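Report on the following structure.
The values are calculated or read from the model by the stated rules, or taken from the named source; none is laboratory data. Nothing here was measured: the structure is a model prediction, and the numbers come from that model. Reconstructed Cβ throughout: ideal geometry from the backbone, glycine too, with neighbour counts over all protein chains shown.
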Amino acid sequence: MTPTAPAAEAAPPAAARPAPARRRRPRGRALYNALGVLVALVAGFPVYWMVNTAFKPAKDAIDPDPKFLPWPMTLDNVRRAFQISDFWGPIGRSLVIAASTVGIGLVVGLLAALAISRFAFRGRRAVIVGILTVQMVPLIAMIIPVFLMLNDIGQYDKLTGIILTYLTFILPFTVWTLRGFIVNIPRELEESAMVDGCSRTGAFVRVVFPLLAPGLVATAVYGFIQAWNEYLYALMLLSKEHQTAPVWLGNFTTQHGTEYAPMMAGATLMAVPVVVFFLLVQRRIASGLTAGAVKG
Amino acid sequence: MSAAQTTPEQSTPGQTATGRTAPEHTAAAAAPPPRTAKASPAGRAPGSGLRRRLTGAALPWTLLAPTLLVLLLVLGYPLTRLVVLSFQRFGQSQLWGFQPAEWVGFDNFAAVLGDGVFWSVVLRTVLFTTGAVVLTMVLGMLVALLLVRVSTWVKTLVNIALVASWSMPIVVAVTVFKWMFDSDYGVANWLLSRIPGVDLTGHNWFTNSTQGFLVITALVVWGAVPFVAITLHAGLTQVPRELEEAARMDGAGAAGVFRHVTLPILKPVVVMLTTLSVIWDMGVFPQVFLMRGGHPEPEYQLLTTYSYDRAFVANDYATGSAIALVTVLLLLGVVAVYMRQMLTIGEVE
Amino acid sequence: MKRQLIAAVGVAAMVVGVAACGSDAKGGKTGDSAGKSPKSITVWLTVDAQNNWPELVKAADDALVAKHPGLTVKHEYYAWTDKNTKLDAVLATDKAPDVVEMGNTEMLPYMIKGAFAELDASKFENSGAWLDGLKLSATYQDKTYGVPYYAGSRVATWRKDVAAAAGVKDVPKTYADLTADLDRIQKKNGDKFSAWYQPSRDWYTAMSFVADAGGAIAKPGSDGKWKSSLSEPAAVQGLKAWKDALGKYMHGDLTKDEADRYIVYGQGKSAMIYGASWEGGAAADPKQDKTGGKLKDNLVSFVMPGPSGKALPTFLGGSDLAVPVKSQAKDLASEWIAAFTGTKSEEGLIGKGNLPNNKTQLAPLKADPKTEATATAAEISWFVPTAPGWLQVEKQQVLQNALQDIATGKKSVEDAAKAADTAIDQVINNA
């Protein structure tokens, strides 16, 4: 945290604070634990099965009696996945697209969130309704006109065009979630910082911004996932030359129908960065997501 | 305190510093970037003339401008175009610019709404969405309730599994499920065949579309539960314990406490999650599209794939747009409730 | 710690984001200058070329680059099922490819709508002797809009080791022989094995049975309008024969099409396939052969006998190469096509189990034992209705869906045929 005095004293949004531990031991904890393990097994199984298939010899993968451990372990499938078509190109493009979308989305969204949470102005209600409505529109329905529009402005088959498109996917959610955080930061906090000689911007940066961190992380992760995963728009708006990771994997599915082991290797490669990133920031995600809604 | 009062003083720096440098500030996502702070004194220097022009409503609108611009360009304009398209005859020749589009009034809608196939697709979509949303919410709530009752190590374990499955890219998840339910080598058939009396060796799950949708629903729910469970769990940890205890003292059972104390407090989250789930599940596309090898059979068509099919496979972009528009209207009806709820929240301060 | 990491990710993202904008701008500039003197051409082929004859593509590229130093030839490969969807979209933009491979059944609506540029046939080798079926598919109102690339007939391929194990020595000459042999093979190997792996959505095979029984998918009326005729008795009889064979010998996934047939065949759980002549060879490739190399030495191809007593009429498939009218480099595109369809290149295609695009090179193939089956099969062939809306029937997968319904028992042959007739009639006359 920034070493500003008021920030330390002030209560951060409740959501960001770790929940008080429940010390009371409910009866049947063992039963709950067993259930919990079962849930973890079921939820984790597809992930495990993907990794398992990825690292076992292709012959074992099509053995009618499945092997539950990838032994003997092999990297052949990974090699084959690389070989089938360019791998780093799509991954690199997906990273660029996701990172740019998140970066721009956060800045632009934060500004909008500030506007609707810190200012009373005419048309505010209309803007809120508008942003909420936009979130309703099923994006799949828009693909035809979005395609025509991007083509009209010369953004077909451009990464900038797809980034622009993805921005609209994440902006409503970003604005709404960040708004939830901002309204929870007492205005007095900013004011006291300003009394201490900070400018309004300075007060914002030193006081408000740190308190927004969980919200920013949560929306960043949400946006990243959306952009990293998106399939249909990437399929229609980019040529093969510029294809993204999901499209790369999608092609792989149709053309090499039954080569499952290399496909799982490709899938693993694509999933690893996201899963790792997620595990690292997961605690912040949860608090971030609820703060926006519960404390509204 | 009204915003207008504080606005004139600081408006210019706020606008220049944050607004102008926006695209470069990706790092802002993580930590307060020192650059904004440094930029502000310089930005403030030019004096009071500019400041005055941005008084009143100008500043909030300036802050909103980038967002509104993006939304108008990429959603507003296409939305208009979608409406226009749905009243035209628009095929390949029009798409390629060889022929002008022709106005046909309500013909496309008449054709769509008069087609029995369309209504069966609507029914299928509604059934699928309902099933998936209910399952997602119930399972998500159960997992969340479980999470506050288990030991820490189990909680960590479940969290890892949830996060891992949540973050699986959809295309990857579809691929994995397709592989698990493969008729010849799928592990699902093998596992189920271990149950005495069940022999599913070589069973094809997609021959029968009801079974096929079971698999697709499982995939969708599996992907959606983590978000719901994690969010609800975070919400649960904020329910004041005193309230629950007080209810318990009054003699309420576990179910009673949940119904009368926990649920009302969580209501905004639940409404938000349900609505988002409806939007997402109604918008399910890659799950069906890729699961059926890029060409869903008629009995696998949902509104999304059907619209795509009409537009891009049958090259009838106008009818595809009409279907999409009907989908939007349907969805807007469904989520009107959510809108009201959110608006009330928006008015609170 | 975590905070630092997040910050690091953020910074990295920023750097990458900026870099992306930079590279994008550059891409835009080269695009602009491409209008005047093309620096590159883009060629769209289907995955067949990518998987089976990449060296021929390379040779054509080299030949063109030798004539035009500094030129790059870009390639994009598409699955048959995705290609046209993507092509339709791209034709609306200024990013149209310069050369595109079209199935011979796909050409007509594009020619009618003026999507392809007219080509000068005299610039291409052997254009005087182009196979009639291919030449017809690339001609509209006496103008040439495409260049025949290759043709393919379908042959039966089976494993003589599996046949021998079931006591079958020779390849069958009649349909009665065939079913008797397949019965023995099926019995010997049990019902997890397919004596004949025939994916139900492979409509080319099913329609061969229809043609064999004297039926047709659709017929032109006296007014020139086409009408679907799958529910007529002859067609139904053919479909029933097809379904019988499928029911007895096909024990694989009944919802698949023929796209990965060679891969499935390579897994060694079936004895015979009926497909394009290159498929057997592709299955025997060490990459696909999961039987430990048994396929390579044991594959035999033969002309597929039909229930009528004659050879089963084969679908004369093939591809043409066309130049979109929106191409910025039509002359270079046409030169590339000339290089890719020259006599030498066609020879290479023959070597991969295809039929050449011209009669001159086709003639000697019947004498060669290796190509005898495929060249002979081509003599009795059928073709899709040359109706303006035929491509819609293909794209909407009307036949595939009907066949899957029949194969899985969801509908009777009669019901499925009637439903398909209705669906086909809706679109077959609209370009």
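Across region B:128-142, what is the total count of residues that are polar (S, T, N, Q) and either over 13 Å from B:Phe227 (Cβ atoms) or not assigned by TED's automatic domain parsing to the domain that holds B:Val225 (or both)?
Count: 2.
Kindly establish whether C:Lys366 is surrounded by fewer than 20 Cβ atoms within 10 Å (Cβ to Cβ) and either within 29 Å of C:Asn84 (Cβ to Cβ) or of a type in the set (Lys, Arg) (or both).
For C:Lys366, the condition - surrounded by fewer than 20 Cβ atoms within 10 Å (Cβ to Cβ) and either within 29 Å of C:Asn84 (Cβ to Cβ) or of a type in the set (Lys, Arg) (or both) - is met.
Does B:Leu147 fit the bill of being surrounded by 22 or more Cβ atoms within 10 Å (Cβ to Cβ), within 13 Å of A:Leu38 (Cα to Cα), touching a residue at least 60 places away in the same chain (Cβ under 8 Å) and more than 7 Å from chain A (Cβ to nearest Cβ)?
yes
Any chance you could count how many residues in region C:114-143 are under 23 Å from the mean Cα position of the chain (by Cα) and basic (Lys, Arg)?
Residues in region C:114-143 being under 23 Å from the mean Cα position of the chain (by Cα) and basic (Lys, Arg): 1 in total.
Can you give me the ranges of the helices (runs of 4 or more DSSP H) entirely in region C:82-185 with at least 3 residues that are in contact with a Gly (Cβ under 9 Å, 6 or more places away or on another chain) and within 25 Å of C:Gly353 (Cβ to Cβ)?
C:132-137
Can you tell me how many residues in region A:108-143 are among the β-branched types (Val, Ile, Thr) and under 22 Å from the mean Cα position of the chain (by Cα)?
7
Any idea how many residues of region B:304-331 are under 15 Å from B:Gln94 (Cα atoms) and not hydroxyl-bearing (Ser, Thr, Tyr)?
Selection size over region B:304-331: 7.
If you scan region A:126-151, which residues turn out to be at the interface with chain B (Cβ under 9 Å from one of its Cβ atoms) and of a type outside the set (A, V, I, L, M)?
Hits for region A:126-151 are A:Gly130, A:Thr133, A:Gln135, A:Pro138, A:Pro145, A:Phe147.
Go through region A:110-137 and count every residue that is farther than 23 Å from A:Gly215 by Cα and either surrounded by 22 or more Cβ atoms within 10 Å (Cβ to Cβ) or acidic (Asp, Glu) (or both).
So the count comes out to 1.
Consider only pairs whose beta carbons are under 7 Å apart and that are at least six residues apart or on different chains; among these, list those whose first residue lies in region A:193-221 and is at negative phi and modelled with pLDDT of 80 or more and whose second residue is crowded, with 24+ Cβ neighbours inside 10 Å and aromatic (Phe, Trp, Tyr).
Between residues of region A:193-221 that are at negative phi and modelled with pLDDT of 80 or more and residues that are crowded, with 24+ Cβ neighbours inside 10 Å and aromatic (Phe, Trp, Tyr), the close pairs are A:Leu212/A:Phe181; A:Gly215/A:Phe181.
Picking from B:Ala255, B:Ala246, which residue would you name as being in contact with a helix residue (DSSP H, G or I) (Cβ under 9 Å, 6 or more places away or on another chain), modelled with pLDDT of 85 or more and not β-branched (Val, Ile, Thr)?
B:Ala246
Kindly provide the set of residues from region A:91-119 that are under 14 Å from A:Gln243 (Cα atoms) and either among the polar types (S, T, N, Q) or more than 7 Å from every other protein chain (Cβ to nearest Cβ) (or both), ordered by number.
Passing the criteria: A:Ile91, A:Gly92, A:Arg93, A:Ser94, A:Ile97, A:Ala98.
What is the number of the single condition among (1) surrounded by fewer than 18 Cβ atoms within 10 Å (Cβ to Cβ); (2) closer than 22 Å to C:Glu106 by Cβ; (3) out of contact with any helix residue (DSSP H, G or I) (no Cβ under 8 Å at 6 or more places or on another chain) that C:Ala117 does not meet?
(3)
Out of (1) more than 10 Å from chain B (Cβ to nearest Cβ); (2) more than 17 Å from C:Lys86 (Cβ to Cβ); (3) of a type in the set (D, E, K, R), what's the single condition that is false for A:Lys158?
(2)
Just to confirm my filter: which helices (runs of 4 or more DSSP H) fall fully inside region A:58-128 and include at least 3 residues that are of a type in the set (S, T, N, Q)?
A:88-118
Has region A:54-75 got any residue that is within 11 Å of chain B (Cβ to nearest Cβ) and in contact with a His (Cβ under 6 Å, 6 or more places away or on another chain)?
no
Of the conditions (1) of a type outside the set (A, V, I, L, M); (2) away from chain A (no Cβ under 13 Å); (3) touching a residue at least 12 places away in the same chain (Cβ under 8 Å), B:Gln88 satisfies every one except a single condition; which number is it?
Against the list (1) of a type outside the set (A, V, I, L, M); (2) away from chain A (no Cβ under 13 Å); (3) touching a residue at least 12 places away in the same chain (Cβ under 8 Å), B:Gln88 comes up short only on (2).
Considering only region B:297-323, state which residues are of a type in the set (A, V, I, L, M), modelled with pLDDT under 90 and crowded, with 23+ Cβ neighbours inside 10 Å.
B:Ala311
Counting only residues that are in contact (Cβ under 8 Å) with a residue 24 or more places away in the chain, more than 7 Å from every other protein chain (Cβ to nearest Cβ) and closer than 20 Å to B:Trp119 by Cβ, which one in region B:279-303 is farthest from the chain's Cα centre (by Cα)?
The extreme case among them is B:Glu299.
If you go through region B:250-278 one residue at a time, how many are under 9 Å from the mean Cα position of the chain (by Cα) and among the β-branched types (Val, Ile, Thr)?
Looking only at that region, the number is 2.
Would you check which residues across region B:250-274 are without any contact (Cβ under 8 Å) to a residue 12 or more places away in the chain and within 14 Å of another protein chain (Cβ to nearest Cβ) and list them?
Answer for region B:250-274, where residues must be without any contact (Cβ under 8 Å) to a residue 12 or more places away in the chain and within 14 Å of another protein chain (Cβ to nearest Cβ): B:Gly253, B:Ala254, B:Leu263, B:Pro264, B:Lys267.
Checking the conditions here, which among B:Val122, B:Val112 is assigned by TED's automatic domain parsing to the domain that holds B:Gln301 and either more than 31 Å from the chain's Cα centre (by Cα) or in contact (Cβ under 8 Å) with a residue 40 or more places away in the chain (or both)?
Within the list B:Val122, B:Val112, the selection yields B:Val122.
Would you pick out the residues in region C:232-282 that are touching a helix residue (DSSP H, G or I) at 6+ places or on another chain (Cβ under 8 Å), within 14 Å of chain A (Cβ to nearest Cβ) and in contact (Cβ under 8 Å) with a residue 60 or more places away in the chain?
Matches in region C:232-282: C:Thr255, C:Asp257, C:Ala259, C:Arg261, C:Tyr265, C:Ser270, C:Glu279, C:Ala282.
From C:Glu372, C:Glu414, C:Glu394, which residue is free of Cβ contacts under 8 Å to residues at least 24 places away in the same chain and either within 13 Å of another protein chain (Cβ to nearest Cβ) or surrounded by fewer than 20 Cβ atoms within 10 Å (Cβ to Cβ) (or both)?
From the options C:Glu372, C:Glu414, C:Glu394, the qualifying one is C:Glu372.
Under 8 Å between Cβ atoms, at least 6 apart or on separate chains: pull out the pairs that start in region C:296-309 with a residue that is modelled with pLDDT under 95 and of a type in the set (S, T, N, Q) and end on any residue that is part of a strand (DSSP E or B) and surrounded by 22 or more Cβ atoms within 10 Å (Cβ to Cβ).
From region C:296-309, the pairs are C:Asn298/C:Arg159; C:Ser301/C:Val155; C:Ser301/C:Ala156; C:Ser301/C:Thr157.
Out of the helices (runs of 4 or more DSSP H) lying entirely within region B:166-260, which hold 1 or more residues that are crowded, with 22+ Cβ neighbours inside 10 Å?
Ranges flagged: B:170-180, B:187-194, B:209-236.
May I ask you to verify whether A:Gly250 is in contact with an Asp or Glu (Cβ under 7 Å, 6 or more places away or on another chain) and modelled with pLDDT under 80?
When the stated conditions are applied, A:Gly250 does not pass them.
Out of all the residues in region C:308-322, is one or more assigned to a helix (DSSP H, G or I) and either over 23 Å from C:Val99 (Cα atoms) or not aromatic (Phe, Trp, Tyr) (or both)?
no
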